[in-house]
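These notes are about the structure you will find just below.
The values are calculated or read from the model by the stated rules, or taken from the named source; none is laboratory data. Keep in mind that what you see is a predicted model, and the values were worked out from it rather than measured. Note: ideal-geometry Cβ built from the backbone for every residue, glycine included; neighbour counts use all protein chains shown.
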Amino acid sequence: MTRSLTLVALAAAAAFAAGPGRAEGDLSRANVIEVPLEMGSNADGMFFAPAEYTFVTGQAYVLVLTNSDEIVHELSLNEMVERIFTRKIEVSDADGNLVTEVKGTIREVEVGPGQTVEWFFVPVQTTDEPVQISCEIPGHAEAGMVAMATIN
Ligand SMILES: [Cu+2]
């Protein structure tokens, strides 16, 4: 009896260790909403496109950060960090092979020229009013690299 309980516990631990990618019945993985965010610049300055985002608590999202520019940009979620659970940051190479997966609380992500980074998160708390997200590289927010995010 004790032995079979131990085996069940080990099996459960193994399933957990396999991670969300392999866990059956993980609904947060099954219906992740993909939200593109382009980081770029044009004759008017610098931008995040789109400039407004609306999320809902409990829904899993992947924010696909694409830097279409020739210089480095970053996305700082600012106050929004406290209202989301970051599942992981994922980076793949040009062939789609995983380069790295980073887990833990993340405040900002820097994206190299022409590169894409995926930020997987689940909003856990609503915002009272839209929160400004921005590129914190000196001068970039002032040049227009900001957007507003709301969590309902
Ligand atoms: Cu920037």
note = Note on the stretch 143-152: residues more than 14 Å from the ligand (Cβ to nearest atom) and over 14 Å from the mean Cα position of the chain (by Cα) are Met148, Thr150, Ile151, Asn152
note = For the stretch 37-58, the count of residues that are under 17 Å from Val109 (Cβ atoms) and either small (Gly, Ala, Ser) or not assigned by TED's automatic domain parsing to the domain that holds Cys135 (or both) equals 2
note = Per the list (1) polar (S, T, N, Q); (2) surrounded by fewer than 18 Cβ atoms within 10 Å (Cβ to Cβ); (3) touching a residue at least 24 places away in the same chain (Cβ under 8 Å), residue check on Asn67 breaks on (2)
key: Enumerated strands (runs of 3 or more DSSP E) restricted to the stretch 25-142, each holding at least 1 residues that are within 16 Å of the ligand (Cβ to nearest atom)   = 33-42, 45-49, 61-67, 73-76, 108-111, 116-123, 131-134
Filter result (over 19 Å from Val62 (Cβ atoms) and at pLDDT below 95) within the stretch 100-128 = Asp128
